[in-house]
1. I'm trying to understand the selection: among the residues of the range A:68-101, which are among the β-branched types (Val, Ile, Thr) and at pLDDT 95 or above?
2. Considering A:Ala43, A:Ala106, A:Ala39, A:Ala88, which residue is in contact with a helix residue (DSSP H, G or I) (Cβ under 9 Å, 6 or more places away or on another chain) and closer than 24 Å to C:Met205 by Cα?
3. Answer yes or no as to whether C:Ile176 is under 23 Å from C:Gly76 (Cβ atoms) and surrounded by 21 or more Cβ atoms within 10 Å (Cβ to Cβ).
4. As an exercise: evaluate C:Leu193 against (1) farther than 23 Å from B:Trp88 by Cα; (2) part of a loop (DSSP other than H, G, I, E, B) and give the number of the one condition it does not meet.
5. In this structure, is A:Ala245 farther than 17 Å from C:Ala113 by Cβ, modelled with pLDDT of 90 or more, over 18 Å from the mean Cα position of the chain (by Cα) and not β-branched (Val, Ile, Thr)?
6. If you check every pair at least six apart or on different chains, which have Cβ atoms under 6 Å apart with a residue in the range B:135-162 that is within 11 Å of another protein chain (Cβ to nearest Cβ) and outside any loop (DSSP other than H, G, I, E, B) first and a residue that is polar (S, T, N, Q) and crowded, with 24+ Cβ neighbours inside 10 Å second?
7. Taking the options C:Ala220, C:Ala187, name whichever one is within 20 Å of the chain's Cα centre (by Cα) and either touching a residue at least 12 places away in the same chain (Cβ under 8 Å) or assigned to a helix (DSSP H, G or I) (or both).
Amino acid sequence: MRLTRWLRPWWFPIALLALFEAYLRVVVQQSDALAPPSAALRAFIGLIGDGSLLRATAFTLGSAALGLLIGTALGVAFGVWFGLSGRAARLSLVSVEMLRPVPAVALIPLAMLVFGFGLRMEIAVVAFATFWPMLLLTQGAVTQVDARLLEVSRVLGLSAWQRSVKIVLPACVARLFVALRLSVAIALVVAVTVEIAANPNGMGYAMMIAQQSLDPAQMLAWLGWIGVVGYAVNALALGLQRVVARRMGAAS
Amino acid sequence: MSLLSFDRVAIHLGGREILSPTSFEVGRGEFVCIVGPSGCGKTTLLRAASGLVTASAGEVRRHGVRVTQPSREVAFVFQDYGRALLPWRTVRGNVALALEAAGAPKAQQAARIDSVLAKVGLAAHADKFPAQLSGGMQQRVQIARCLAQQPELLMMDEPFGALDALTRQNLQDEVARLVRDEGLTVLFVTHDLEEAIYLGDRVIMLQANPAPGRPSLARMLPVGIAHPRDQLTTKEHPEFLTLRRDLYRYIEHGHHAAH
Amino acid sequence: MTAIPRKARPLGSSLGSGIVFAALVALWWAASHAGWISRVFLPTPEATLDSLRAGLAAGGELASFTLATTLRMLEGWLLASLLGVALGALIGISPTARAYLQPTLEFVRPLPASALMPLAIALLGLSPAMVLSVVAFGAMWPVLLATVHGFAAVDARLLEVARCLQLTRGEFVRTIGLPNALPDILAGMRLSLTVSLIVSVVGEMIASQPGLGQAILLAARAFHASELFAGIVLLGVIGFASNTLLGYAERALLKWQST
């Protein structure tokens with residue numbers, strides 16, 4: 001029956017939440033560490049009401065978006081350059097290999113030192129984290145333009161500009177949006193991580209504060225919300241990627 | 001008692017009739033070839049015979065017992081050999097899989113693998129990976145694995161369809177020899193009429209476009225040419241030519257009748 | 001819990017590349033000495049080197065911190081990999097399990113591992129156990145999801161071969177399921193290692209556990225830029241070394257792919 005199939009993804013999480021609810025209400029009854037899902041829901045509604053949900057979510061999404069913008073702009077620029085110029089790619093190899101392995105979180109204290117707390121610090125770390133995947137995937141996309149297409153461009157006598165615009169760029173676009181989707185996920189994860197580790201703003205910080213104030217209901221509300229936001233953002237990015245792929249003629 | 005019998009076997013899948021009621025028997029040691037145009041259900045027939053597919057109506061019986069699932073007694077050679085071999089195991093390792101599945105004692109395995117590889121002529125390539133072998137060799141690995149099962153029935157689904165003409169001819173002769181040496185019973189599906197006549201003791205032709213009420217089995221002809229056969233002389237044998245003309249005419253007729 | 005997997009590449013393949021890097025370092029030297037960027041934020045290369053030397057020497061703490069972070073990362077990663085493969089295999093081979101659990105798995109996939117820290121702190125306090133549990137939980141997902149995919153994506157032909165050979169569930173997992181999933185599992189483990197390092201560092205920062213994470217946080221708070229940079233360099237080294245080694249292991253295990 002269609003209804004049962006539609007419900008199927010929900011059985012497991014509902015069962016889990018019900019179990020959790022029962023356990024906390026019946027067995028534990030009172031705790032500073034955990035709260036039943038019903039209490040978390042109530043706390044969540046409270047957060048919507050007093051505006052803190054919107055503020056914190058806006059901060060996290062905003063800093064993630066701005067950091068992503070910078071990281072993507074620079075990453076794509078360098079990626080296209082390295083992709084088109086074999087020489088540039090070869091000369092940059094050691095530098096890239098030396099700088100890339102540094103985990104973005106290692107830069108949190110540095111960003112803190114330079115920018116203090118706030119928006120700029122988080123943007124900086126997100127930009128660093130998203131720069132590398134965009135660079136490498138763009139470079140990969142450009143170098144993997146089908147050799148046959150490039151031969152066609154030579155046979156047709158296309159200029160370098162025409163070749164870039166009519167052949168290379170369209171051929172890359174689909175893969176660029178795949179890279180973007182990946183980077184969107186990274187941007188959000190890094191933003192939340194920065195807030196948990198250091199930055200006193202945003203959803204991650206709100207969750208930490210809730211835990212420190214021994215308000216488990218609110219903490220769990222934030223955790224659930226972060227999960228929902230992450231899922232939604234990823235789904236949107238995936239949708240965008242698919243739309244672009246279809247427009248660019250991918251077989252689907 | 002015949003080894004394998006089809007008793008009014010019909011198969012419907014996804015609302016379509018794939019095979020209309022078909023009945024015939026296969027005796028021990030027989031080499032039966034099944035031919036027919038695309039969509040006549042010959043591959044599905046083979047899969048029903050090996051238990052990979054269950055009949056929607058009628059029964060497939062082996063030794064008088066209904067066939068409901070695959071058995072190690074019935075070996076199956078797939079057409080897409082690349083996908084049927086384990087890419088991470090060597091030739092030897094792939095053949096070993098059959099022995100491991102049968103629970104053969106470790107001590108005996110090496111000797112049995114070597115003997116089977118020698119039979120298909122792959123002894124020198126035992127430690128190569130499938131990706132390093134040509135198409136014909138990969139198909140031989142699959143055949144070797146099937147032989148290692150020591151089956152009583154060998155099902156072959158257009159095994160040489162993806163190979164070039166010369167390789168195909170070589171493998172035809174090899175399979176004919178192996179089957180004779182091992183005393184196997186074979187059900188061989190092919191779209192190639194000449195191949196069917198060359199290899200088979202009997203050729204079964206299926207109708208195109210199976211429809212309920214119209215049996216799929218169109219013709220069943222014995223091939224009265226002696227073994228061992230030979231690519232050159234057999235194909236000039238009068239019986240071969242007669243059968244060939246017969247079958248081609250039938251296809252043409254069926255083609256015209258359908259249009 | 002998402003990060004880009006690294007492909008380990010051979011270093012120093014071109015002298016020019018090394019020269020470009022040296023030029024960047026020279027730029028760093030110039031910038032810090034000329035004061036284009038305040039030395040509070042950008043220490044000179046020599047100062048960084050001095051901090052590194054002092055820290056790694058007998059009396060310094062950087063060596064033990066590096067070891068602590070590395071061990072934390074490895075411990076969590078190994079635990080996560082074992083759990084991830086075990087659970088992933090169980091879920092992966094059962095289409096029913098996948099149907100019920102996959103949506104939940106897909107929901108947890110984008111969740112940042114560090115987001116679980118407040119919950120872990122509530123349950124386990126600011127302790128090494130807290131950090132380890134979050135590292136293991138966070139690093140488990142890439143491996144689990146990759147394993148599920150690896151098992152779910154077995155070629156239909158190989159499934160049929162398994163049925164023909166009548167392999168038991170256990171034999172199937174061992175001979176076909178696991179090797180087939182291995183490339184996916186290794187890719188997942190590579191992602192896992194990245195997550196593991198990140199969460200270890202964050203954990204050390206939050207829970208004040210001895211390690212490079214705590215070291216660089218304290219260095220930043222005390223405005224000791226050279227020590228901060230020394231720590232960052234060491235974290236880069238850990239990242240580089242672990243990925244390179246894993247890359248070698250991956251190539252060795254997947255030898256059959258390149259043949």
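1. If the condition is that a residue be among the β-branched types (Val, Ile, Thr) and at pLDDT 95 or above, then A:Ile70, A:Thr72 are the ones that fit.
2. Only one candidate passes the filter, namely A:Ala106.
3. No, not satisfied.
4. (2)
5. no
6. Going by the 6 Å Cβ cut-off, the qualifying pairs are B:Arg145/B:Asn94; B:Met155/B:Ser50.
7. Criteria check complete, one pass: C:Ala187.
One line per residue, one yes/no per condition, for (1) in contact (Cβ under 8 Å) with a residue 40 or more places away in the chain; (2) assigned to a helix (DSSP H, G or I); (3) surrounded by fewer than 24 Cβ atoms within 10 Å (Cβ to Cβ):
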| residue | (1), (2), (3) |
| --- | --- |
| A:Thr57 | yes, yes, yes |
| A:Gly62 | yes, yes, yes |
| A:Thr72 | yes, yes, no |
| A:Gly75 | yes, yes, no |
| A:Glu97 | no, yes, yes |
| A:Pro101 | no, no, yes |
| A:Leu113 | no, yes, yes |
| A:Phe117 | yes, no, yes |
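The values are calculated or read from the model by the stated rules, or taken from the named source; none is laboratory data. Because the structure is a prediction, the values reported are computed rather than measured. Cβ: placed from backbone, ideal geometry, glycine included. Neighbour counts: every protein chain shown.
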